[in-house]
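Undergrad: Just dropping this structure here.
The values are calculated or read from the model by the stated rules, or taken from the named source; none is laboratory data. Owing to the predicted nature of the structure, the values given are computational and were not obtained by experimental measurement. For neighbour counting, all protein chains shown are included, and Cβ atoms are generated from backbone atoms with ideal geometry for every residue, glycine included.
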């Protein structure tokens, strides 16, 4: 079940906790993808809070928002690049996306396999996708006062298996959001400490969200007939040359 776009907007842009979560996840994304000069960048779900750094450098930025969630104009004060779309049919040409960010789009969808199918379709050769989903072992997935408390949370193994089934190869995986999902002043003031501490913990004891970067695997082309040339063909089925003994 998708959250309403108004609830997502209020959390990420109008609450202290949401702005803190936005910054942590965006900083981790920029560590993986520091720039996108001349590239086509697409977000699906509610990835708008993460895409702003690419607006001035990417060839094109598009923010796809699924119909059950709703859409809002974005970015504020600039030409709109957000589009309302069907979850299972994106208005993007096949193989035209260089960078794809999926947040609040996979775990809340009633058609996750079709979402992954569209992700695979729109990515071009050498393209990369970043999936950001709630961590089943984290505190954020257990708190329904944040968007990460809705939908289906994943373990790293579950997410990795799903992505492999649809032809994606995992290049990098990590967790983020180690600070508690609380608006209380003490936790807000010590958020930086918890994030720094969390990065030193084993992955299994990670934070509130999983971040998995993948590339698109393209199957090797197949052709009819033998896959290898026969170096010494047999003459058994051919006419016997004249002069050879029977």
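Undergrad: Test of understanding: among 62, 146, 108, which residue is within 26 Å of residue 15 (Cα to Cα) and modelled with pLDDT of 95 or more? Give the derivation first.
TA: Details: 146 fails: modelled with pLDDT of 95 or more; 108 fails: modelled with pLDDT of 95 or more.
Selected residue: 62, the only one of 62, 146, 108 that is within 26 Å of residue 15 (Cα to Cα) and modelled with pLDDT of 95 or more.
Undergrad: Another question, then. Say whether the condition of being touching a strand residue (DSSP E or B) at 6+ places or on another chain (Cβ under 7 Å), at pLDDT below 90 and buried (at least 17 other Cβ atoms within 10 Å of the Cβ) is met by at least one residue in region 191-207.
TA: yes
Undergrad: Anything in region 77-90 that is modelled with pLDDT of 95 or more and within 23 Å of residue 56 (Cα to Cα)? List them, or say none.
TA: Residues satisfying the conditions are 80, 81, 82, 83, 84.
Undergrad: Filtering region 137-154 down to residues that are within 16 Å of residue 103 (Cα to Cα) and out of contact with any helix residue (DSSP H, G or I) (no Cβ under 7 Å at 6 or more places or on another chain), which residue is surrounded by the most Cβ atoms within 10 Å (Cβ to Cβ)? Spell out the reasoning first.
TA: Quick first cut of region 137-154, residues within 16 Å of residue 103 (Cα to Cα) only: 140-141, 146-154.
Filter once more, keeping what is out of contact with any helix residue (DSSP H, G or I) (no Cβ under 7 Å at 6 or more places or on another chain): 150-152, 154.
On the way: 150: 17, 151: 21, 152: 15, 154: 23.
Across region 137-154, the extreme among qualifying residues is 154.
Undergrad: Would region 3-22 turn up any residue that is in a loop (DSSP other than H, G, I, E, B) and either in contact with a helix residue (DSSP H, G or I) (Cβ under 8 Å, 6 or more places away or on another chain) or free of Cβ contacts under 8 Å to residues at least 40 places away in the same chain (or both)?
TA: Start the filter on region 3-22 by keeping residues that are in a loop (DSSP other than H, G, I, E, B), which leaves 3-4, 15.
Still in the list and also either in contact with a helix residue (DSSP H, G or I) (Cβ under 8 Å, 6 or more places away or on another chain) or free of Cβ contacts under 8 Å to residues at least 40 places away in the same chain (or both): 3.
Yes, region 3-22 contains at least one residue that is in a loop (DSSP other than H, G, I, E, B) and either in contact with a helix residue (DSSP H, G or I) (Cβ under 8 Å, 6 or more places away or on another chain) or free of Cβ contacts under 8 Å to residues at least 40 places away in the same chain (or both).
Undergrad: Regarding region 44-60, can at least one residue be identified that is in a strand (DSSP E or B) and in contact with a helix residue (DSSP H, G or I) (Cβ under 7 Å, 6 or more places away or on another chain)?
TA: Here is the first cut: in region 44-60, the residues in a strand (DSSP E or B) are 44-45, 60.
Subset that is in contact with a helix residue (DSSP H, G or I) (Cβ under 7 Å, 6 or more places away or on another chain): none.
No - not one qualifying residue is present in region 44-60.
Undergrad: Failed condition for residue 28, given (1) within 20 Å of residue 216 (Cα to Cα); (2) surrounded by 15 or more Cβ atoms within 10 Å (Cβ to Cβ); (3) out of contact with any helix residue (DSSP H, G or I) (no Cβ under 6 Å at 6 or more places or on another chain), with all others met?
TA: Failing condition for residue 28: (1).
Undergrad: Among the numbered criteria (1) farther than 17 Å from residue 32 by Cα; (2) in contact with a helix residue (DSSP H, G or I) (Cβ under 7 Å, 6 or more places away or on another chain); (3) surrounded by 20 or more Cβ atoms within 10 Å (Cβ to Cβ), which one does residue 101 miss?
TA: (1)
Undergrad: Hey, among the residues in region 65-76 that are farther than 15 Å from residue 115 by Cβ and surrounded by fewer than 16 Cβ atoms within 10 Å (Cβ to Cβ), which one's modelled with the lowest pLDDT? Don't jump to the end; show me each part of the working.
TA: First, pick out the residues of region 65-76 that are farther than 15 Å from residue 115 by Cβ: 70-76.
If we keep only those that are surrounded by fewer than 16 Cβ atoms within 10 Å (Cβ to Cβ) too, we end up with 73, 75-76.
On the way: 73: 95, 75: 94, 76: 89.
Checking each candidate, the answer is 76.
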